[in-house]
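The values are calculated or read from the model by the stated rules, or taken from the named source; none is laboratory data. Bear in mind the structure is a predicted one, so any value in this text is a computation, not a measurement. In this analysis, Cβ positions are derived from the backbone assuming ideal geometry, glycine residues included, and neighbour counts consider all displayed protein chains. Heavy atoms of the whole protein, side chains included, go into the accessibility calculation; ligands, DNA and RNA do not. Shrake-Rupley method; radii C 1.70, N 1.55, O 1.52, S 1.80 Å.
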Amino acid sequence: MTDSTPFHSGFIAIVGRPNVGKSTLLNHLIGQKVSITSRKAQTTRHRITGILTEEHAQFVFVDTPGFQTQHLNTLNKGLNKVVTSSLRDVNVVLFVIEARHFDDRDRLVMNLLPKNAPVLLVINKVDSMEDKGELLPFMQEISKEREFTAIVPVSAKHDKQLDTLLDAIRPFLPEGEKIYPEDEVTDRNERFLAAEIVREKVFRFTGEELPYSVSVVIEQFKMDGKMRRIHAAILVDKDAHKAMLIGKNGEKLKEIATQARLDMEKMFDGKVFLEVWIKVRSGWADSAQMLKSLGYE
C-alpha cells in the first residue's frame, strides 16, 4: 500500500525590525544553526535560506535583515532592499515582533507586508513575560493594527510553540515537489557560513563597544585531506577598532578565533585550521563598490 498524501513545498519569509529574534527563530525551526545571532541589532546582513523537510512537506524559510530605520548608509539602504525584495513571490510571511513591544519601527515593517500573501503574526520572546495574563490583551491590541491570518505566540530560544507555528504555515504551502534535496538545511556554502561565524564572534566578544561597521572576508578556504584550512580577514573602519578587536596581548582576537573555530568544527563536522587577522578599510560600509565585492546584494 502506497502513501498517496500529496507533497507540499513553499517559501516563507521571516521579517521584522532588528533584534526581535528572527535568526534564532530560523535556527530553531530547522533544528540547526544557519543564521548568526547576537544582541547587536542588524546582525543578519544577507538573505539566508533555512530548509526544513518533513515526510509530506518542505518549508523553505528566508531570514531577512532587520528593517533599518536609522543610520541609512549605503549598507543599510541595501539591506532594506533585501527585505522588500524577499517579500516578493513568497507563499507565507512571518511577521515577527517582541512580546509586549510594538512601536512605529514595527509599523514601518508591517506596512511593507504584501496584501496578497497570508501574514502570520509571530509574537516571540513570550518567556520574558512575567505576567502571562498580559499576553491575550497584547494580542488583541496588535490584531487591531491589521488583519493577520493567524497569531502565534512563541519562544524561539526555548523551542516553545514552534510545532504550532509549523501547523499554521503548512496549509499555505502549495502542492509540489521538493525545492531542495531533503538533506540540505541551507542554500549557503561553507565559505559563506565560515565568514558569518567569525562575524558573530566579533559581535559577541566586543559587545556595544565596537561599531556596526565590521565585515569578514574569507581569503582562503581549502580542504587539506579532511581538514578545512580557512584564512579570514576582519574588516574594520578605523585603527582604534582594530586595537579594540586585538585586545590586551592579543587575547580578544585569540578568543574570537578559538570560539569561531569550535563552532565551525561543529557545523562542518570536521577539523578546522583557522587563521584570523584584521584589516582597516575606511568607509567600506558607504562604498557601493566595496559592498558589491563583499557579496552584499
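Out of the residues in region 109-137 meeting the condition of being touching a residue at least 24 places away in the same chain (Cβ under 8 Å) and of a type in the set (G, A, S), tell me which one is surrounded by the most Cβ atoms within 10 Å (Cβ to Cβ). Of everything passing the filter in region 109-137, A117 is surrounded by the most Cβ atoms within 10 Å (Cβ to Cβ).
Among the residues of region 253-266, is any β-branched (V, I, T) and in a strand (DSSP E or B)? No: zero hits. Among D224, D167, D239, which is the only one that is within 25 Å of I51 (Cβ to Cβ), charged (D, E, K, R) and out of contact with any Asp or Glu (no Cβ under 7 Å at 6 or more places or on another chain)? Residue meeting the stated conditions: D167. When the criteria are applied in full, D106 meets the requirement of being part of a helix (DSSP H, G or I), open to solvent by less than 70 Å² (accessible area, probe 1.4 Å) and out of contact with any helix residue (DSSP H, G or I) (no Cβ under 8 Å at 6 or more places or on another chain).
Might you let me know whether region 53-68 holds any residue that is over 18 Å from N91 (Cβ atoms), at pLDDT below 60 and among the polar types (S, T, N, Q)? Yes, because at least one residue in region 53-68 is over 18 Å from N91 (Cβ atoms), at pLDDT below 60 and among the polar types (S, T, N, Q).
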